[in-house]
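This report concerns only the one structure given below.
The values are calculated or read from the model by the stated rules, or taken from the named source; none is laboratory data. All figures in this text were calculated on a predicted structure; none of them were measured in a lab. For neighbour counting, all protein chains shown are included, and Cβ atoms are generated from backbone atoms with ideal geometry for every residue, glycine included. Ligands, DNA and RNA are excluded from the accessible area calculation, which covers all protein heavy atoms including side chains. Shrake-Rupley method; radii C 1.70, N 1.55, O 1.52, S 1.80 Å.
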Amino acid sequence: MTFSKALSNNIYDFLDRQGIVTEPDKIQYGLDFLSASITKIAAVLVVGIISGTFREVTICMISFGLLRQYSGGAHMGNSKNCLFIMLGIYYTVIILSYFFNIPQIVLYGILVFVVAVIFKFAPADTEKHPIVGVKHIKRLRIKSFLVLIIGSMFAIWYKDNFAELIFLSFFIQAITLTPFVYRLTKTKRKEVTYHA
């Protein structure tokens, strides 16, 4: 049993003893998701501390994660694969931002690409976890664009390599919304596409 699964089981048992559990399947799913997320975030931050890239990995994780929270995207089959892919994504972004001086015009081109992909595909759901309701879809799309706006303002305001880290993280997250990545990861999207 993984650490995250043991954690979610312990929390579930505690809540059940307190008489709080009313919908066991939903609560167990939520706890599994929460404990897996906490475990992945902690692992990424520990790797960042050990490798001396804590600041950079934190910027990538916040940029990628916030946009992903609202725009959705393809998923890996399990938590372990997800962790390795996350680390690969963050460190690819960090390496690119350190070793290549990406011109500002290219960064703005990346932003235009991300906006177009978000407009076309977000929010991107999965067959297992569909996004239902036109109002909910509109809210997620608006929040996706707000993350892009706020992240872009932050990237432009700070000079350092923040712009590269933020825009490249947005770029990779946008790619996870595309049909190509859904096919590559064998993630099934809900049959009906909602575009409000």
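Summary of values
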quantity	calculated
Residue among 64, 113 that alone is among the aromatic types (Phe, Trp, Tyr) and under 16 Å from the mean Cα position of the chain (by Cα)	64
Residue in the range 184-192 that is of a type in the set (S, T, N, Q), surrounded by 12 or more Cβ atoms within 10 Å (Cβ to Cβ) and out of contact with any Lys or Arg (no Cβ under 9 Å at 6 or more places or on another chain) present	yes
Answer residue from the range 136-152, given it is among the charged types (D, E, K, R) and touching a residue at least 24 places away in the same chain (Cβ under 8 Å) and is nearest to residue 66 (Cα to Cα) among those	143
Odd one out for residue 125 among (1) under 25 Å from residue 81 (Cβ atoms); (2) within 14 Å of the chain's Cα centre (by Cα); (3) open to solvent by 80 Å² or more (accessible area, probe 1.4 Å); (4) of a type in the set (D, E, K, R)	(3)
Output for the range 156-174, where each listed residue is assigned to a helix (DSSP H, G or I), polar (S, T, N, Q) and either out of contact with any Leu (no Cβ under 7 Å at 6 or more places or on another chain) or modelled with pLDDT under 85 (or both)	169
Residue, nearest to residue 190 (Cα to Cα), within the range 87-100, restricted to residues that are open to solvent by 30 Å² or more (accessible area, probe 1.4 Å) and in contact with a helix residue (DSSP H, G or I) (Cβ under 9 Å, 6 or more places away or on another chain)	87
Residues located in the range 128-155, provided they are surrounded by 14 or more Cβ atoms within 10 Å (Cβ to Cβ) and modelled with pLDDT under 85	131
Yes/no for residue 188 being in contact (Cβ under 8 Å) with a residue 12 or more places away in the chain and not in a helix (DSSP H, G or I)	yes
Where residue 177 falls short, out of the listed (1) more than 19 Å from the chain's Cα centre (by Cα); (2) part of a loop (DSSP other than H, G, I, E, B); (3) buried (at least 18 other Cβ atoms within 10 Å of the Cβ)	(1)
